[in-house]
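Written out below as structure tokens is the structure these notes cover.
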Amino acid sequence: MALVLVKFNLNGHPVEVDVEPNEILLNTLRNKLGIKSVKRGCERGECGACTILLDGKPVYSCMLLTVQVNGRSIDTVDGLWNNELFKKLVYNFTIKGAIQCGYCTPGFLITSYALLRTKKVISKEDVLKAIEGNLCRCTGYKKIIEAIMETYECIHS
Amino acid sequence: MIAMSYEDPYELINKWLKAREFIVIGKGITRSDSLEKALGKARFVEDYFEDSKMLFIKQVLSSEGHAIIEEINYDEALKIPGIVGVYTYKDIPGENQVGYALPDQPLLAEGKVRYHGETVALIAAWDYEKAFKAAELIRIRYRSLPILLGPLEAFKRKDILVHDELGSNIAFKTKLRRGDVEKGFSESDVVVENTYRTHHQEHAYLEPEAALAIPDVEGRLTIISCAQYPHLAQKIVARVLGLPSSRVRIVSPYIGGGFGGKDDEGPLVAAKAALVAYLTGKPAFLMYSREESIRIHPKREAAVIKYKSGATADGKLRAIKVTIIHDTGAYANRGPFILWRATVHASGPYYVPNAWVDGYCVYTNKVPQGSFRGFGNPSVQFAAEAQMDELARKLGMDPVEFRLKNLLRPGMETITGQLLEDSVGVADMVAKLSDSMNWKKLRKEIDEWNIKSTRYKRGLGIGVAWHGISTSRGVPDWSNAYIKIDRDGSVTVYTGIVEIGQGSPTTSHRQIVAEVLGVPLELINVVFGTSDAPDGGATHASRGTSIGAIGVLLAAAKIRERLNRLAADLLKAPLEKIVIKEGKVFVQGDEERSMSWKELIEKAYSRGIDLSATGYFFLPKGSFDNERGQGYAYPAYSYVALAIMVEVDTWTGKVKVLKAWPGLAAGKIINPIQVEGQIEGAITQGIGYVLMEEIRFGSKGEILNADLTDYTIPTAMDTPLEITKPVYVEDIFKYGPFGAKGVGEMAFIPLPAAIANAVSHAIGKRITELPLTPERLYKIIKSIR
Amino acid sequence: MFYRLPQFKYYKPQTLDEALKLLNELDEAKVIAGGTDLLIDMRIGRYRPKSIIDINDLSELKYIIDDGNRIRIGALTRLQELIYSEIIKEKLPILYEAVYHMASWQIRNMATIGGNLCNASPAADTAPPLMVLEAKLRVINIEGERTIDIREFFLGPRKTLLKGNELLKEIIVPVHKDYGYSYMKLGRRNSFTLSIVSVASLVKVENNIFSDVRIALNSIAPTPIRAVSVEKYLVGRKVTIDSIKAASKLVIKDISPITDIRATAEYRKDMAIILTYDSLKVALKRLGIEFVKG
């Protein structure tokens, strides 16, 4: 199989990788580009632990072939450390006890970050709907939902 | 010369137990690992794997449910370039024996496979694509044997044996005899008898099992492992490799969820990775795919429980007779211990003067049973609590009122004849919970609502449970930890307790040290989950804080005693007036006479004060007679109650959990936010277990739904609409750090009972079988009509 | 690392013509749009294509155009875009309701309406609404275009009328005015799940008589179906709770569910009746017609 050169924007910086067509983005990010925050939970688009932003929209990185993201932009939590909205989310997740084992956490942060950026008016139903594709086995979701709602109230006052 | 008598563990535990004002204990302080985890910096096992620089291990699993292995041929597989080796039981240098309770379990199948999914071989390759290719070329020739899928059938049969040497399929038995049950029943005015059935459960932790074994410079094998008990993993690896423990080192990074599953499977993953690393001399990485994780690792047991109970007209329990059958799958694993816990807890948290319990752990050709939050208790509490509701109904009593008449109180004996002297807050807690939620009024309102509603029916149910903390009966339990203070005043704690998400090392241990030493939290670093720490027992049985932190408390307390004496000398003050708070050392009532923590430590170094200590505590236990199931069962019990309100759509069988009211009598609550997190997580996990999760087995015992689409765990949209703030009764445990008992498993244990009792109330029929998936409940409702 | 994807040659055509040419020339090729079905199918070994044609750059297939009495949706339109679209929400609310309950946000950001239809799973959630709306599908290959009625499109599980070298281009959906609608889905959990059974219904009422009734279901037959027995019974009948009850019972004549890992055939049959009833009630409620009891 011939290698394909793929160029894309990762966390604000241009990157280039050589990949085989059947390489999935999750593996490229973790094994070739050192992005360990994107987690492997099922590799079937069923758990959400590998969620990233593709042109600002949350998607499962295990369900993307790296060749498909040529010319696109990818964001992971690693690139958001200085972002004000992200910092508020992290603060609330931390203070409210929304993080236990932490394996699902980057995925939830990416999804909720995208939610808070895309929608102006957010109800609790909107939050539940937005995170329905992120599984958590530890927290029972309650404190995660509270952290997201709290962040929303913060930025709206 | 300083006399060391002030370092007696009992005195130290007791001294801190008496504390009334706290700096950090009882506060919801933030975990030390939250920020790392949010930023994606926290490392789990796979994060240490370097693709193509370390060997990738692919497992070959059995495609048969019960068969003799006649031949394993991997010649073709070895021909693929990049394949370093294929390993089977023949390559194990030490002992191919990893059985936990009984020596019945090989690491790699030898001679026979006993369940579909059992590991037969390991392929080591430099990249995973080659490993997969090689797996396709491995030829195993099986001679099929008849398969046993049901425990009741396996119980009877001697012609089909899962373990031939045994002569039967009964892996283990328990017995409990107290008083005279026949007399008890004859004295009873109402008798209820039912058979209850519960099903398996898959842990579905977000992180599948993984281990990375690295042969290191000093000739030790370091394994980055997800095991919940580093010293057990160390022992298993050493045994499989035929090495002394001192040549094996276990290190735990953050672990993505355990719930008991990684307690059982963690050491085996570590052993498989270690085997390859040992034989090849190269770092070797093994991660189970989600499908492999579901197929291979032990599940919550499925149980069949026959339960007979009798009570008098004035509402007092007289006798219980219980038969418990656990489907232990292909290997006993924790089966005997799970069975003992179920046996001892069979009565529920009530005073029962006459009890007869028989327990059986039965082999079948399915994935083994093992540790999962509750450890045999949820299924027996489901049965016991259903019985309580039935008795109450027959007596015309309110379910809570009936329970309050029978709950254990200080001074009473359990069904093992153990006298409970203290830390029995259950009756207080249930009374408080019932009052705060207005139980009686709510039940009445729901009854009235149901009269007016035909399709939708609501129900309010309660489950009250108990759970012995620490290991059962005479099984030794202890705590141990090591603390040292560096010259700059920073504190390092070494503990074998791992961080599986429950937060013991990252919150309660830190809080305890901060409280005892008086240092700011930022100065404390907990090195957790390492076999280099003294063996302090496993992170299971809700003991991470309750027992695991006793050692931490003691080590800190010893150092504190030494520092108190030094400070008293330096500040020219009486010993009992020395206060250390948030890094400031001062005299009570005269804060001007002070020094900083750093200064005190500097002085300690120059004065020759030993600033390191081990805190070792061996839990005093009484004797237990295994033949009659009588004696000292547990040092203490945590008590938990959950009231649940449901709404059942009787036309589809779908159940909505509207509200949950938790109550907990678990001693001192060290960190309320972490405890709430455990309760909320357990409630959702319980909702999954009862209402939507079900492992489906095929005719070979193979798991048909080995993925997260068809094994449906709750999403955010499936959680209850409301969970109230828990009602706490802090019934202090005299050996627990600041009086804490265990919390991790608690809220799960009464959940199946509470939901089933609520549904029973809603539809007017006793639920005796789980799960209550929409289809199953629909069938039950249909049968009523 | 959990799975191995087969090796294949990868093509990313930049124009529709290029794509059609490739589709015509290549042997054992599969088209990838959102990939949310294909990538799983490749992992479990259902498909092992020698070539993959990535059509995601074909922006000419991505649009939602309001032609007044009909809406034209480009096959490459993402499911989430359908939810964001004011046109879909207002003019094809039944499609909006169906897509709202599909999968998860992450999946909907990738999955396309064309993919959902062409993959032809018996549980596809875009199919029942499009079947009651009587959408038409424009398919295209190197020789030309043709129109297929969606009610003829599905042949069996994962089998459609699409020829090997054809691509779904557009879904043409007639706008239905003055209809009550509803999409109901029963799953094993509240979201992010495949349906045990789903029902789409569209009703029109004049003078308290059903003048048009269209019901479609999924997961109860090898393909999504229209419940013609129910429809025939109701058209021309008075709108009463009893007529709806009687009608929904007839749905079992139109379905042939199987027992699989998600549910038994019996449960599906019973639930098809309940959901048809529930769906009709909601559709009528949206027309302002409600019943006092039941």
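The values are calculated or read from the model by the stated rules, or taken from the named source; none is laboratory data. Since the model is a prediction, treat every value here as computed from it, not as a measurement. Here the Cβ is made from the backbone with ideal geometry for all residues, glycine too, and neighbour counts use every protein chain on show.
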Looking at (1) of a type in the set (S, T, N, Q); (2) closer than 30 Å to B:GLU561 by Cα; (3) outside any helix (DSSP H, G or I), which one does B:SER472 not meet, given that it meets all the others? (2)
When residues of the range C:249-294 are filtered for being more than 11 Å from chain B (Cβ to nearest Cβ), in contact with a Phe, Trp or Tyr (Cβ under 9 Å, 6 or more places away or on another chain) and of a type in the set (S, T, N, Q), how many remain? 1
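Residues that are at pLDDT 95 or above, among the acidic types (Asp, Glu) and more than 30 Å from C:ALA19 (Cβ to Cβ), at least 1 per element: which strands (runs of 3 or more DSSP E) completely within the range C:133-245 meet that? Outline the logic, then answer.
Working: elements: C:136-141, C:144-149, C:154-156, C:167-174, C:180-187, C:195-206, C:209-218.
Strands (runs of 3 or more DSSP E) meeting the threshold: C:195-206, C:209-218.
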2 or more residues closer than 29 Å to B:SER225 by Cα: qualifying helices (runs of 4 or more DSSP H) within the range B:1-120: B:34-39, B:75-78
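Each row is one residue, and each column tells you yes or no for (1) more than 18 Å from the chain's Cα centre (by Cα); (2) outside any loop (DSSP other than H, G, I, E, B).
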site	(1), (2)
B:ALA481	yes, yes
B:TYR494	yes, yes
B:GLU499	no, no
B:ALA549	no, yes
I need the full set of residues from the range B:138-174 which are assigned to a strand (DSSP E or B) and of a type in the set (D, E, K, R), in order please. B:ARG139, B:ARG141, B:ARG143, B:LYS173
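Quick check on my filter: what residues within the range C:84-93 are surrounded by fewer than 24 Cβ atoms within 10 Å (Cβ to Cβ) and either within 14 Å of the chain's Cα centre (by Cα) or within 14 Å of chain A (Cβ to nearest Cβ) (or both)?
Scanning the range C:84-93 gives C:TYR84, C:PRO93.
Just one of B:ILE57, B:ILE72, B:ILE29 is under 27 Å from the mean Cα position of the chain (by Cα) and of a type in the set (Val, Ile, Thr); which is it?
Within the list B:ILE57, B:ILE72, B:ILE29, the selection yields B:ILE29.
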Only one residue in B:PHE155, B:PHE172 is touching a helix residue (DSSP H, G or I) at 6+ places or on another chain (Cβ under 6 Å), closer than 29 Å to B:ARG628 by Cβ and modelled with pLDDT of 95 or more, so which one is that? B:PHE172
Against the condition part of a helix (DSSP H, G or I) and over 30 Å from A:CYS104 (Cα atoms), how does B:TRP466 come out, does it pass? no
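Could you say which residue among B:LEU122, B:LEU149, B:LEU145 is away from every other protein chain (no Cβ under 14 Å), modelled with pLDDT of 95 or more and crowded, with 22+ Cβ neighbours inside 10 Å?
Step by step, each of B:LEU122, B:LEU149, B:LEU145 is checked, and only B:LEU122 is away from every other protein chain (no Cβ under 14 Å), modelled with pLDDT of 95 or more and crowded, with 22+ Cβ neighbours inside 10 Å.
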Residue in the range B:393-402 that is acidic (Asp, Glu), at pLDDT 95 or above and either in a loop (DSSP other than H, G, I, E, B) or closer than 30 Å to B:THR614 by Cβ (or both) present: yes
Reported set for the range C:84-127 where residues are over 23 Å from C:ARG214 (Cα atoms) and aliphatic (A, V, I, L, M) is C:ALA103, C:ILE107, C:MET110, C:ALA111
In this structure, does B:TYR89 turn out to be surrounded by fewer than 20 Cβ atoms within 10 Å (Cβ to Cβ) and in contact with a Pro (Cβ under 8 Å, 6 or more places away or on another chain)? yes
Run down B:VAL304, B:VAL322 and say which single residue is among the hydrophobic types (A, V, I, L, M, F, W, C), surrounded by fewer than 24 Cβ atoms within 10 Å (Cβ to Cβ), part of a strand (DSSP E or B) and under 25 Å from the mean Cα position of the chain (by Cα). B:VAL304
If I ask for residues that are outside any loop (DSSP other than H, G, I, E, B) and within 14 Å of another protein chain (Cβ to nearest Cβ), which ones from the range B:212-240 would you list? B:LEU212, B:ILE224
For the range B:532-559, what are the residues that are within 16 Å of B:PHE617 (Cβ to Cβ) and either polar (S, T, N, Q) or surrounded by fewer than 24 Cβ atoms within 10 Å (Cβ to Cβ) (or both)? B:ALA533, B:PRO534, B:ASP535, B:THR545, B:SER546, B:LYS558
Restricting the range B:275-296 to residues that are farther than 20 Å from B:SER371 by Cα and in a helix (DSSP H, G or I), which is nearest to the other protein chains (Cβ to nearest Cβ)? B:VAL276
What do you reckon, is B:ILE670 surrounded by fewer than 21 Cβ atoms within 10 Å (Cβ to Cβ), at negative phi, at pLDDT below 95 and touching a helix residue (DSSP H, G or I) at 6+ places or on another chain (Cβ under 9 Å)? no
Since A:VAL38 meets every condition but one in (1) out of contact with any helix residue (DSSP H, G or I) (no Cβ under 9 Å at 6 or more places or on another chain); (2) outside any helix (DSSP H, G or I), which condition does it not meet? (1)
From the option list B:GLY496, B:GLY501, single residue qualifying as within 14 Å of another protein chain (Cβ to nearest Cβ), surrounded by 24 or more Cβ atoms within 10 Å (Cβ to Cβ) and not β-branched (Val, Ile, Thr) is B:GLY501
Given the conditions (1) within 14 Å of chain A (Cβ to nearest Cβ); (2) assigned to a loop (DSSP other than H, G, I, E, B), report the number of the one that B:LEU243 does not fulfil. (1)
Residues in the range B:246-274 that are farther than 19 Å from B:ARG290 by Cα and not in a helix (DSSP H, G or I): how many? 6
Could you please let me know if C:ALA103 is touching a strand residue (DSSP E or B) at 6+ places or on another chain (Cβ under 9 Å), of a type outside the set (S, T, N, Q) and modelled with pLDDT of 95 or more? no
Which one of these does B:MET746 not meet: (1) out of contact with any helix residue (DSSP H, G or I) (no Cβ under 6 Å at 6 or more places or on another chain); (2) under 25 Å from B:VAL424 (Cα atoms); (3) at pLDDT 95 or above; (4) not charged (D, E, K, R)? (3)
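Results for (1) under 20 Å from A:GLY45 (Cα atoms); (2) not assigned by TED's automatic domain parsing to the domain that holds C:GLU28, shown as yes or no for each residue.
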site	(1), (2)
C:ASP41	yes, no
C:ILE44	yes, no
C:TYR47	yes, no
C:ASN69	no, yes
C:ARG72	no, yes
C:LEU79	yes, yes
C:TYR84	no, yes
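Residue-by-condition table, conditions (1) surrounded by 24 or more Cβ atoms within 10 Å (Cβ to Cβ); (2) more than 30 Å from C:LYS9 (Cα to Cα):
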{"residue": "A:LEU65", "(1), (2)": "yes, no"}
{"residue": "A:GLU84", "(1), (2)": "no, yes"}
{"residue": "A:ILE95", "(1), (2)": "no, yes"}
{"residue": "A:ILE99", "(1), (2)": "yes, yes"}
{"residue": "A:ILE110", "(1), (2)": "yes, yes"}
{"residue": "A:LEU115", "(1), (2)": "no, yes"}
{"residue": "A:LEU128", "(1), (2)": "no, yes"}
{"residue": "A:THR139", "(1), (2)": "yes, yes"}
{"residue": "A:ALA147", "(1), (2)": "yes, yes"}
Please state which one of C:ARG4, C:ARG43, C:ARG78 is charged (D, E, K, R) and under 17 Å from the mean Cα position of the chain (by Cα). C:ARG78
